[in-house]
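Novice: Below: one structure in structure tokens.
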Amino acid sequence: MAALSEFSVLRPASAADAVRLRGEHPASRFIAGGTDLVPNLRRGLVDAEVVIDLTGVGEMRELQQQGDMLRLGAGVTLATLAADATVRTQLPALAQAAAAVAGPTHRASATLGGNLCLETRCQYFNQSESWRQGNDYCMKLAGDTCRVAPKSSRCYAAFSGDVAPALLALDAEIELLGPQGIRRLPLAEFYVDDGMRWLALGADELLFAVTVPLVAGRVSGYEKLRVRGAIDFPLAGVAVALVRDGDTIGELRLACTGVSSRPEFVGGLDWLAGQPLDAAAFAVIARQIKRTIQPMETTTVSVPYRRRATPVLAKRLVGRLWDEAHRED
Ligand SMILES: Cc1cc2nc3c(=O)[nH]c(=O)nc-3n(C[C@H](O)[C@H](O)[C@H](O)COP(=O)(O)OP(=O)(O)OC[C@H]3O[C@@H](n4cnc5c(N)ncnc54)[C@H](O)[C@@H]3O)c2cc1C
Ligand code: SF4
């Protein structure tokens, strides 16, 4: 990996200062845990003259229950999310997703905000400068053609963060802080289906916090497929939130990652409410997932495998949660 290029580091003490500094330095980037940004800087995948370090912003590291909501500062680390008693018991999908990111040393510094803003990934992009130069670059950086879909005018690099699908399944909202103040939006509206412009984040905005409803009787979980079980990005990841109403489905929410340029909430499952979880319901779940996801040759693992494996992952997870919900009755 190449040496880091030179940049200045600014250390704001408040989120408002961080936003102000971002406005004053257009060629800047925020850094939180740095576990994605630093490797990308070293590979020349992104550049920055100024890096705005968010780790000194205490108000972004708060994790508080506010009535029937849990409010998570964007600076909360993944290790904290994975270990927190409220998250583990009331939002297990979130704890499981956080625990599934990278390795323990990464999770000790990696943050919720950095995970939700993760750069999209592709086997033709996440390479050294010399590799990319030798392969004539690609459209996402310095080239003019997409190696995955040469006739395409868009990039299909995959969003591969583990935490976003858990928060989509749990119906989270986010708070973005900009010069005009806070802007709230459902997490699903934060993402765009484009590997080069995948975030609806203004140039001078900061992801400030995430709020997650705590719903009585809802069970949830997260599962992922990866090449190396100990440490790896998801080839496919599925999060499910389920309310079981006796022998029928009360509510089923499902989201995927690693299989499109944005984390995908799988729609069209509402009408399963009131239905039993039988073969017909599993067929609907599989059909809706296949309609929603769009895996491309962005990893070395084949597209047909990821297309087929994602509904299988979902079926196993829904089945496990169905049994868990029964035990909690
Ligand atoms: C070996 C290895 C394995 C990995 N495996 C996984 C994995 O399995 N799953 C996974 O999801 N990730 C994985 N990652 C990626 C990364 O470690 C995590 O996604 C991590 O959560 C990123 O968080 P961070 O705080 O370190 O982000 P940073 O690197 O600090 O930032 C990431 C991006 O988010 C932006 N950013 C950070 N905070 C904010 C904010 N509050 N507002 C606006 N923008 C912000 C930064 O400018 C940057 O563009 C892996 C990384 C490595 C090196
Ligand atoms: S999907 Fe295409 S444009 Fe995007 S990173 Fe991969 S090769 Fe490049």
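The values are calculated or read from the model by the stated rules, or taken from the named source; none is laboratory data. Quick caveat: nothing in here was measured; it's all calculated off a predicted structure. Here the Cβ is made from the backbone with ideal geometry for all residues, glycine too, and neighbour counts use every protein chain on show. With ligands, DNA and RNA removed, areas are computed over all heavy atoms of the protein, side chains included. Shrake-Rupley method; radii C 1.70, N 1.55, O 1.52, S 1.80 Å.
Novice: Name every residue in region 36-59 that is free of Cβ contacts under 8 Å to residues at least 40 places away in the same chain and open to solvent by less than 20 Å² (accessible area, probe 1.4 Å), in order of residue number.
Specialist: LEU41
Novice: If you go through region 94-102 one residue at a time, do you hit one that is open to solvent by less than 40 Å² (accessible area, probe 1.4 Å), under 30 Å from ALA142 (Cα atoms) and either among the charged types (D, E, K, R) or within 14 Å of ligand 1 (Cβ to nearest atom) (or both)?
Specialist: Looking through region 94-102, at least one residue is open to solvent by less than 40 Å² (accessible area, probe 1.4 Å), under 30 Å from ALA142 (Cα atoms) and either among the charged types (D, E, K, R) or within 14 Å of ligand 1 (Cβ to nearest atom) (or both).
Novice: Which of the residues spanning region 69-84 are within 14 Å of ligand 1 (Cβ to nearest atom) and not in a helix (DSSP H, G or I)?
Specialist: Listed by number, the residues that qualify are LEU72, GLY73, ALA74, GLY75, VAL76, THR77.
Novice: With respect to LEU207, determine if the residue is away from ligand 2 (no atom under 16 Å from the Cβ), in contact with a Gly (Cβ under 8 Å, 6 or more places away or on another chain), at pLDDT 95 or above and over 20 Å from PRO92 (Cα atoms).
Specialist: Yes, satisfied.
Novice: While we're here: Of all residues in region 124-147, which are touching a residue at least 60 places away in the same chain (Cβ under 8 Å), surrounded by fewer than 20 Cβ atoms within 10 Å (Cβ to Cβ) and either among the polar types (S, T, N, Q) or part of a helix (DSSP H, G or I) (or both)?
Specialist: GLN127, SER128, GLU129
Novice: Answer with yes or no whether LEU201 is assigned to a strand (DSSP E or B), open to solvent by 10 Å² or more (accessible area, probe 1.4 Å) and among the aliphatic types (A, V, I, L, M).
Specialist: For LEU201, the condition - assigned to a strand (DSSP E or B), open to solvent by 10 Å² or more (accessible area, probe 1.4 Å) and among the aliphatic types (A, V, I, L, M) - is not met.
Novice: Let me ask something additional. Just need a number here: residues in region 76-91 that are under 16 Å from the mean Cα position of the chain (by Cα) and either under 16 Å from PRO39 (Cβ atoms) or open to solvent by 10 Å² or more (accessible area, probe 1.4 Å) (or both).
Specialist: Number of matching residues: 3.
Novice: Give the residues of region 262-285 that are in contact (Cβ under 8 Å) with a residue 24 or more places away in the chain, open to solvent by less than 30 Å² (accessible area, probe 1.4 Å) and assigned to a helix (DSSP H, G or I), sorted by residue number.
Specialist: Correct list: ALA281, ILE285.
Novice: On to the next question. Might you check whether a residue that is under 30 Å from TYR305 (Cβ atoms) and open to solvent by less than 30 Å² (accessible area, probe 1.4 Å) occurs anywhere in region 211-219?
Specialist: The answer is yes, given that some residue of region 211-219 is under 30 Å from TYR305 (Cβ atoms) and open to solvent by less than 30 Å² (accessible area, probe 1.4 Å).
Novice: Let me ask you something else. Restricting attention to region 171-194, does a residue exist that is outside any loop (DSSP other than H, G, I, E, B), more than 16 Å from ligand 1 (Cβ to nearest atom) and either touching a residue at least 60 places away in the same chain (Cβ under 8 Å) or at positive phi (or both)?
Specialist: yes
Novice: Now, a different point. With the structure loaded, tell me whether ASP232 is out of contact with any strand residue (DSSP E or B) (no Cβ under 8 Å at 6 or more places or on another chain) and open to solvent by 60 Å² or more (accessible area, probe 1.4 Å) or whether it fails that test.
Specialist: Spelling it out, it is not the case that ASP232 is out of contact with any strand residue (DSSP E or B) (no Cβ under 8 Å at 6 or more places or on another chain) and open to solvent by 60 Å² or more (accessible area, probe 1.4 Å).
Novice: So MET296 passes all but one of these: (1) away from ligand 2 (no atom under 16 Å from the Cβ); (2) touching a residue at least 24 places away in the same chain (Cβ under 8 Å); (3) surrounded by fewer than 22 Cβ atoms within 10 Å (Cβ to Cβ). Which condition number does it fail?
Specialist: Status for MET296: all satisfied but (1).
Novice: Residues VAL259, VAL238, VAL219: which one is assigned to a strand (DSSP E or B) and in contact with a Ser or Thr (Cβ under 8 Å, 6 or more places away or on another chain)?
Specialist: Going through VAL259, VAL238, VAL219 in turn, the sole match is VAL238.
Novice: While we're looking at this one, here's another question. Can you tell me which residue in region 306-323 is most open to solvent (accessible area, probe 1.4 Å), limited to those that are of a type outside the set (Gly, Ala, Ser) and without any contact (Cβ under 8 Å) to a residue 60 or more places away in the chain?
Specialist: This residue is ARG308.
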